[in-house]
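What follows is a single structure, written as structure tokens, with notes after it.
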Ligand SMILES: Nc1ncnc2c1ncn2[C@@H]1O[C@H](COP(=O)(O)OP(=O)(O)O)[C@@H](O)[C@H]1O
Ligand code: SF4
Ligand SMILES: [Mg+2]
């Protein structure tokens, strides 16, 4: 596992695998996902649509009922092993030592309900792209916020809870806080709903806030406002942020550390400031993402311009076809990799045969790459 911190982590994810059962058998959508987040860390998980970002986030919270698929691995939240005992209610299948849930899923359901979700609900706050859809349409924002504060348990009396709710909506930047508290979800604009979603997710005092594309449905100005709000709240709070996004600029803006996911595998972990680097080795997929981002938004990283780009001959990223998302080879990027031919012939075969392990990149601390190109480093 990539050890991103010396401190006791707020969240450790160890070898998590998730698969869904399809017509052709089990379809792996997250494979050996491992990372750690120290308390108050800011981490962005990036990758194209269908990479497995959301299923991973849902699994961390016990919200993914994968029956009759497959789930294995450890999720340790502030020292508590959420899926502890999973191996007792599962049986090993031959494929890569993965664990398949028994045919009768009631034990797994019971584990989710009694063991995983109660701990995750307190320890992990979740914000989704459409926060409005997660609000109860029949109840006011104030009632829902007060419920969430009550669940956190730090404010005891009704008066304390009401005061805290008023403070929170003011802190979210609403000038007319009382009106917002009395509003029903359908009365909120998209930007307002996202801010309320963040307040609800933080109300119970979680160790980790997972924000899954929270600004993707917003225009650029609102995106920036919500991102700045997250940063401000993070400075004041005591929680770690896991930002899930396909937007590299946003990922870099919000995080110190970037996890790059491709077809269910984390292929690179790097300090955010290196995302635009020319000098550091980057995974061929990260390079494609970065170059595509530069072509779309200009030379934001100051690395090189799209015209006259001095790349590794990467060209344009191949369009992603989710129907081919079943991992057939150890390196998930094999079919699209433009740099495999840079490997000596003997090593080139490895891309098809063995999963590359994480290697520390030589120049910067906290930079890990999973690719045979960096094996020697
Ligand atoms: N309930 C489900 N049943 C079967 N396949 C699913 C289910 N949920 C997600 N998937 C598949 O898992 C893969 C990863 O999805 P997701 O995590 O939503 O991607 P991302 O969030 O990175 O865009 C996709 O190929 C998606 O089709
Ligand atoms: S392991 Fe091989 S195929 Fe995969 S990204 Fe690296 S060079 Fe390309
Ligand atoms: Mg998603």
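A compact table of results
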item	result
Residue 264, sole failed condition from (1) modelled with pLDDT under 95; (2) more than 12 Å from the chain's Cα centre (by Cα)	(2)
Leading residue by the ranking (farthest from ligand 3 (Cβ to nearest atom)) among those in the range 41-61 that are part of a loop (DSSP other than H, G, I, E, B) and surrounded by 22 or more Cβ atoms within 10 Å (Cβ to Cβ)	41
Selection within the range 349-363 - more than 19 Å from residue 282 (Cα to Cα) and under 26 Å from the mean Cα position of the chain (by Cα)	354
Complete set of residues in the range 264-285 that are within 16 Å of ligand 1 (Cβ to nearest atom) and part of a loop (DSSP other than H, G, I, E, B)	264
Those residues of the range 221-251 which are touching a strand residue (DSSP E or B) at 6+ places or on another chain (Cβ under 7 Å) and more than 17 Å from residue 39 (Cβ to Cβ), in sequence order	244, 245, 246, 248, 251
Set 206, 214: member being more than 23 Å from residue 249 (Cβ to Cβ), surrounded by 14 or more Cβ atoms within 10 Å (Cβ to Cβ) and within 17 Å of the chain's Cα centre (by Cα)	206
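Residues are listed down the side, and each one gets a yes or a no for (1) under 19 Å from the mean Cα position of the chain (by Cα); (2) under 27 Å from residue 52 (Cα atoms); (3) within 16 Å of ligand 1 (Cβ to nearest atom); (4) at pLDDT 95 or above:
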{"site": "186", "(1), (2), (3), (4)": "no, no, no, yes"}
{"site": "193", "(1), (2), (3), (4)": "no, yes, no, no"}
{"site": "210", "(1), (2), (3), (4)": "yes, yes, yes, yes"}
{"site": "221", "(1), (2), (3), (4)": "no, no, no, no"}
{"site": "227", "(1), (2), (3), (4)": "yes, yes, no, no"}
{"site": "232", "(1), (2), (3), (4)": "no, no, no, no"}
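The values are calculated or read from the model by the stated rules, or taken from the named source; none is laboratory data. Not measured: the values here are computed from a predicted model. Positions of Cβ are backbone-derived with ideal geometry, glycine not excepted, and every protein chain shown enters the neighbour counts.
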